[in-house]
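Below is one structure, written out as structure tokens, with a few remarks after it.
Every number in this text was worked out from the coordinates using simple rules, so none of it is lab data. Being a predicted model, the structure only gives us computed values, none of them experimental. With ideal geometry, Cβ positions are generated from the backbone for all residues, glycine too; neighbour counts draw on all protein chains shown.
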Amino acid sequence: MSNGDKLILGVPSKGRLMEQTADAFASVGLTLRKTGNERGYRGEIVGLPEVDVAFVSASEIAWYLKTGRVHLGVTGEDLVHEQMSDWATRVTFQKKLGFGNADVVVAVPDCWIDVRTMADLAEVALPFRRAHGRWYRVATKYLNLTRRFFAAKGLSDYRIVESLGATEGTPAAGTAELIVDITTTGTTLAANGLRILDDGVILRSEANLISSNAAAWTPSALEAMRTITARMKG
């Protein structure tokens, strides 16, 4: 079998997500193993020679699924929705995996006692501009999810500040007024004096097994996907 016929499976390359992915596959009899150097980025599924495994970051997996560089991948819904406005045609969600859970949320300072909803946020936009001479700033790394969600709520009077670090710390640092970020328990938000709006959950995300509609699907790759998804859905 040539490499061009093989199914390419993208799995997270490090940390808890990599461990949980390996455990999820192992639990249905699919053992992921790196080939060559233990720190390398290529691997295999033991007993499935028609599959090549690529160990890459979760955000890269979403991009690879979008562009068809991998046939199948494990990544979060948040990354897929952020990177693809047309995700429904680009990919197919095969199976929720029950780990990597996180909510993408809109959070405001707890001291904004009159702001409980997105409608309240829209109402304070103009008074805020009059008082401060600018629109309020929203710190986030989820630029597209934020724009789509705010537009759906009829809110356009704000400015996005792209955050590459600890987003929850930006209001206290004075670089933003509110944030859009992921949270699992809300503890870190609370520790930074922030509160999720009552209708501020943009997306409830978890890791998924996802197939690419843009990849070149050979008969061998299709058969390998059926084998893997049948086991995972078992």
Positive-end extreme of charge dipole, the chain - chosen from Ile61, Leu178, Val108 (charges on Cβ):
Ile61
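If the convex hull of the alpha-carbon atoms of the chain is projected onto planes in all directions, what is the mean projected area in square nanometres?
Its average projected convex-hull area is 13.9 nm².
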Springs between alpha-carbon atoms under 10 Å, Gaussian network over the chain: tell me which of Gly100, Gly169, Gly36 tops the mean-square fluctuations.
Gly36
Could you give the longest part of the chain that holds none of the trypsin sites (Lys or Arg not before Pro) found in DSSP loops with at most 12 neighbouring Cβ atoms within 10 Å?
135-234
Using the crude model of +1 on Lys and Arg Cβ and -1 on Asp and Glu Cβ, and no other charge, please compute the dipole size for the range 99-171 relative to its Cα centre, in debye to 20.
340 debye
Nearest 500 deg cm²/dmol is fine: what mean residue ellipticity at 222 nm does the chain get from its DSSP H runs of n ≥ 4 alone, each adding -39,500 (n - 2.57), divided by its residue count?
-10000 deg cm²/dmol
Surrounding net charge for Gln83, when Lys and Arg each add one and Asp and Glu each subtract one, Cβ distance under 14 Å:
+1
Could you size up the charge dipole of the range 32-107 around its Cα centre, putting +1 on the beta carbon of Lys and Arg and -1 on that of Asp and Glu, and report it in debye to the nearest 20?
220 debye
Residues with beta-carbon under 10 Å from that of Pro109, excluding Pro109: net charge, scoring Lys, Arg +1 and Asp, Glu -1?
-1
Using the Cα centre as the reference, give the magnitude of the dipole from point charges on the C-beta atoms of the chain (Lys, Arg: +1; Asp, Glu: -1; all else neutral), rounded to the nearest 20 debye.
360 debye
With equal scatterers on the alpha carbons only and no solvent term, can you work out the Debye log10 of I(q)/I(0) for the range 75-204 at 0.14, 0.15, 0.17, 0.22 1/Å?
-0.62, -0.70, -0.89, -1.42
